[in-house]
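*Asks:* Questions regarding the structure given below will be posed in turn.
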2 protein chains.
Amino acid sequence: MQRKTFRNMQCPIARGLERVGEWWSMLLMREAFYGTRRFDDFQKNLDIAPNMLTRRLGALVEEGLLERRQYSEKPPRYEYVLTQCGRDFLPVLLAMLAWGNKHFAPEGTSVELLDKETGRLVEPVLVDGGTGERLSLKRHAVVPGPAAGEGMRRRLAAAAGFLAAAGDTQAENEALAAGGAS
Amino acid sequence: MQRKTFRNMQCPIARGLERVGEWWSMLLMREAFYGTRRFDDFQKNLDIAPNMLTRRLGALVEEGLLERRQYSEKPPRYEYVLTQCGRDFLPVLLAMLAWGNKHFAPEGTSVELLDKETGRLVEPVLVDGGTGERLSLKRHAVVPGPAAGEGMRRRLAAAAGFLAAAGDTQAENEALAAGGAS
DNA sequence: CAGTATCCTGTCCGATACTG
DNA sequence: CAGTATCGGACAGGATACTG
């Protein structure tokens, strides 16, 4: 019973983790966004063993993040391209990128986001698409959705109380808004 | 030599993964944001074995995401609270939440984000804090930073070419902007 | 309540060799 | 070029018992 399966859990984060929780999965996704499509390129760029690559690639295909597409008849050749679901994963990657840059690059950043129009560096921030407001613990809360079970409702009720309270303190107040490099 | 260490890699995503890549780490962080501070509460809420909890909690403390704080003299009692670095991780969690809700909740969502002022659901979106523009493959690019080595520069040069090209296609054009539930 | 101490197992991952 | 086939090791994770 090595690992519990999170699939049946209500938490969307756990469900997401179920698909990209393996060590290589997110790195493979990063590569896919960099434009890598071929087995061989994945292997060279990531320095991953071929059998592992086969497994992870296969898993991502099965989960619907990548699509295995034949691009040559003879010899038969396949490439791996992002599906819509896979493309929607990009924000997670960019949030990770921002976080990594902010906290784990003491000697300076190696990868950055650039606004090609202004030529300035991008500061990735999470906002509400509807209002444009930065997500903040003061204004926003985590609430149960329509499919939430009884247990989840109780959990979130407790959490909501905390989040509201936390919003009152200055430190935690700012926390939610800060997405990346200050 | 079980797993390669990503610590020395230039990629900020890999570096981040090094801290929260274990299965339980992100779930522990989620719990911390829900307000869980005590060992026992983590255990009950996550249904995790106590030895594993000790290990993961200790790792997160060591990585600087959590702080172990004594809140009682006698008997000595400790609690685990988010550090600044830990709080800055929230955007990643929320991006995951949005992605999970969008793609892996066929029977409806169980956890949602609410704007307490308007009473409307939040649509988490990643934007450039400077310009307020949604991140898009058309307008934004990944570029090497000051600390990028030669290898990284070459990699990103190739990637930038692809991303620019991808920005021309409609599907991939929209992809970057969509953070969560449409 | 907040862990520590053991023991066990699954599997993630690495290394290497081989194929159409 | 794009994988498949084996083999092994390390460790994440589980179960359970025990302590101040």
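*Asks:* Of all accessible surface on chain A at a 1.4 Å probe, what whole percent is carbon and sulfur? Please list the in-between numbers first.
*Replies:* On the way: 4120 of 8270 Å².
Carbon-and-sulfur percentage of accessible area, whole number: 50.
*Asks:* Same structure again: Placing a label point 7 Å from Cα toward Cβ, how far apart in nm is A:Pro75 from its equivalents in the other copies, listed shortest first to one decimal?
*Replies:* 6.6
*Asks:* On to the next question. How far, in nm to one decimal, is A:Phe39 from itself in the other copies if the label point is set 7 angstrom along Cα toward Cβ? Shortest first, please.
*Replies:* Copy-to-copy label distances for A:Phe39: 4.9 nm.
*Asks:* Residues with amide H under 5 Å of A:His140's amide H, sequence separation 5 or more or different chain, H placed in the peptide plane at 1.01 Å from N; which?
*Replies:* HN-HN under 5 Å from A:His140: B:Lys116.
*Asks:* Under DSSP H, which helices of chain A have Cα atoms covering 15 Å or more of the helix axis and a Kyte-Doolittle average no less than 0.0?
*Replies:* Helices passing the filter in chain A: A:23-33, A:90-103, A:150-166.
*Asks:* Hey, got the average number of other protein chain Cβ atoms within 10 angstrom for residues in B:137-149?
*Replies:* 6
*Asks:* Here is a follow-up. Just to be sure I understand: with springs between alpha-carbon atoms less than 10 Å apart, which residue in A:Arg120, A:Arg56, A:Arg19 has the highest mean-square fluctuation in the Gaussian network model of chain A?
*Replies:* Result: A:Arg120 has the largest fluctuation of those listed.
*Asks:* Let me check against my output: what whole-number percent is the relative contact order of chain B, with C-alpha pairs under 8 Å and at least 6 apart?
*Replies:* 17
*Asks:* Another question, if that's okay. If the label for A:Gly64 sits 7 angstrom from Cα along the Cα-to-Cβ line, what are its distances to the same label in every other copy, in nm to one decimal, shortest first?
*Replies:* 3.9
*Asks:* Let me know the mean shielding of B:33-42 by other chains, meaning the per-residue number of their Cβ atoms within 10 Å of its Cβ. Walk me through the intermediate numbers first.
*Replies:* Values: counts 9, 8, 8, 4, 1, 0, 0, 0, 1, 0.
Taking the mean over all residues of the peptide, I get 3.
*Asks:* Hey, another quick one. Find the sum over both chains of the accessible area lost when B and A are paired, probe 1.4 Å, and report it in Å² to the nearest 100.
*Replies:* Separately minus together, B and A give about 9300 Å² buried.
*Asks:* I would also like to ask the following. Could you do me a favour and compute the accessible area per residue for the protein assembly as shown, 1.4 Å probe, result in Å²?
*Replies:* Heavy-atom SASA per residue in the protein assembly as shown reads 45 Å².
*Asks:* If you don't mind, there's one more thing I want to ask. Taking each residue of A:15-24 in turn, how many C-beta atoms of other protein chains fall within 10 Å of its C-beta, and what is the average?
*Replies:* Taking the mean over all residues of the peptide, I get 6.
*Asks:* Given +1 on the Cβ of Lys and Arg, -1 on the Cβ of Asp and Glu, and no further charges, what dipole in debye does the range A:12-87 carry about its Cα centre, rounded to the nearest 20?
*Replies:* Charge dipole, the range A:12-87, about its Cα centre: 120 debye, nearest 20.
*Asks:* Additional query: When we measure straight from the Cα of B:Lys138, which lysines land under 19 angstrom away, once same-chain ones fewer than 8 places off are left out?
*Replies:* Excluding near neighbours in sequence, the set is A:Lys116.
The values are calculated or read from the model by the stated rules, or taken from the named source; none is laboratory data. These figures come from a predicted structure and were not determined experimentally. For neighbour counting, all protein chains shown are included, and Cβ atoms are generated from backbone atoms with ideal geometry for every residue, glycine included. Side chains included, ligands, DNA and RNA excluded: accessible areas come from the protein's heavy atoms. Shrake-Rupley method; radii C 1.70, N 1.55, O 1.52, S 1.80 Å.
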